[in-house]
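Contents: one structure, followed by commentary.
Any read-out appearing in this document is the output of simple, stated calculations on the displayed coordinates, not a laboratory observation. Fair warning: this is a prediction, and the values are worked out from it, not measured in the lab. Here the Cβ is made from the backbone with ideal geometry for all residues, glycine too, and neighbour counts use every protein chain on show.
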Amino acid sequence: METREYQEWDKKYIWHPFTPMRLWLNDEPLVIERGVGAYLYDTDGHRYLDGVSSLWCNIHGHNHPHINAAIISQMQKIAHSTMLGLAGEMPARLAKELVDITPGNLTRVFYSDSGATSVEIAIKMAFQYWLNLGHKDRHLFIALKQSYHGDTMGSVSVGGIDIFHRIFGPLTFKAQFAPSPHPYRFAGTEQECRQHALDEIESLLQQYKDQVAAIVMEPLVQGAAGIIVHPEGFLRSVAGLARRYGVLLVADEVATGFGRTGTMFACEQEQAEPDIICLAKGLTGGYVPLAATLTSEQVFEVFLHEPWTETTFYHGHTYTGNAIGCAAALASLEVFEREETLAKLPGKIALIQEYLQNISKLEFVGDVRQKGMMAGVELLEDKPAKKNFDTTRRIGTTLCRRMRDKGVILRPLSDVLVIMPPLAISMNDLEFLLSIIEETIKVDLRKIV
Ligand SMILES: *Cc1c(COP(=O)(O)O)cnc(C)c1O
């Protein structure tokens, strides 16, 4: 009874993100009521394994007592006070922690509320950094094709996924795009693929020598592109190019940050030291919207001139540095320590790898990609020809719908199945998730096709 009502209200009153609403209105959405650990429960009491970590942000599971307690205790002090003109206990404590744990020389934390705003801020900072130094022409950004940095206009401007970004072209500023190093789709070896992308970046740096403000990239993995895992050494080399050509490097760790790739941050794996880093999704363990853009002192310092010289960064959001968000983030970092979240990953990562090896041999499975606790399984109509299914058939969505009936929630990126469970998932639950995926591809896909 209740469920039907909620479904009706949803269909009547809600416009869902990233959703073709015509299809939505003809479907029957699950209505989620609560969560425990890696599981979601709907209003009918059925449970589902949260195989996408509620869109890649949940880390320690739902309803974690430590994060819950931190949020409740913060609420009993204060939920929010402005950072415009005031400091706060929680934002100060979290900033200190973030500076401690992030790679390289990042020393300053600018808070906001979502991944998109964290990138928006990085872009505006990079632009104004050069302006403050007297370089008026440095407003070009180099990004990778198929990159995703969020949905505000600045983030869209450096986004390279046609289906999301192309129609907004007239509203965006112009960026230059280098190829995404995607070995499976490249005619050549992995090394040649990496070198090709690097050469293109370098040639853009040469061509637009005095105009480039920054290179913006997702380190190690381009998530929304379909979990494209970059060849080893690519990130390190891009960081090297940024240094050599004297442009800023912005690392968008919104998806990769907080353990997702197996280390706390993806940049660590290739000793990349970005000038600016963007954090959001996993920052609060997936509990409260909060984001942070961190910069080096070198970037920060050029904003320190007298206020009347227009070097101030005039940007901010009402809920910047929200105390509940910061409390949740601090609690999430504590859970990382207490539960040794990172130390427990290797076994889980190996289990995913093991299953993926079998899955990759199945009919209709093309490229299979994994970095740590994020993986993508590409479904193809014709495996030898590497030919995709017609996208209008929505094979990925149909297959995920089958998995939902078996108690697993996945959300595909087109015809790439995305495997992104909470880091804290147990080995048993992970095995359940992977076996459902394997079985559904093996048995159900043939029937659908
Ligand atoms: C999800 C994502 C964003 C956008 O984050 P939102 O919180 O959804 O605005 C930005 N960059 C990357 C790499 C992402 O995966």
At 37 °C and 0.692 mPa s, the Stokes-Einstein diffusion coefficient in µm²/s for region 54-117, with hydrodynamic radius from the Kirkwood sum on alpha carbon pairs, is 231 µm²/s
Please compute the volume of the convex hull spanned by the alpha-carbon atoms of the chain and report it per residue in Å³. 153 Å³
Work through the residues other than S112 whose Cβ is under 12 Å from its Cβ and net out their charges, Lys, Arg +1 and Asp, Glu -1. -1
K447 versus E89: modelled label distance in nm, points set 7 Å from Cα along the beta carbon direction: 5.7 nm
Region 405-449 - Kirkwood radius from inverse mean 1/r over Cα pairs (Å): 11.5 Å
Cut-off under 25 Å on the C-alpha distance; same-chain residues fewer than 8 positions from K361 excluded. Which lysines are left, in chain and number order? K348, K371, K383, K386, K387, K406, K442, K447
Among 418-428, 36-46, 404-414, what's the highest-first ranking by average C-beta atoms within 10 angstrom per residue? 418-428, 404-414, 36-46
Mind ordering 22-29, 99-106, 181-188, 138-145 by average Cβ neighbours within 10 Å, highest first? 138-145, 99-106, 181-188, 22-29
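Can you tell me the order of 120-127, 338-345, 269-276, 90-97 when each peptide is scored by its average per-residue count of other Cβ atoms within 10 angstrom, highest first?
Result, highest mean Cβ count within 10 Å first: 120-127, 269-276, 90-97, 338-345.
Out of all DSSP beta bridges with both ends in region 68-338, state the antiparallel percent to the nearest 5.
Of those bridges, close to 50 percent are antiparallel.
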Note, ³J(HN,Hα) from phi for region 299-308, Karplus 6.51, -1.76, 1.60, rounded to Hz, x at Gly and Pro: 5, 4, 4, 6, 9, 9, 5, 4, x, 7
Just give me a number: lysine pairs in region 68-338, eight or more positions apart or cross-chain, with C-alpha atoms less than 26 Å apart. 15
Please identify the DSSP H helices in the chain that span no less than 24 Å along the helix axis (Cα) and have a mean Kyte-Doolittle hydropathy of 0.5 or more. none
Just want to confirm a number: the relative contact order over region 68-338, from Cα pairs under 8 angstrom separated by 6+ residues, in percent. 29 percent
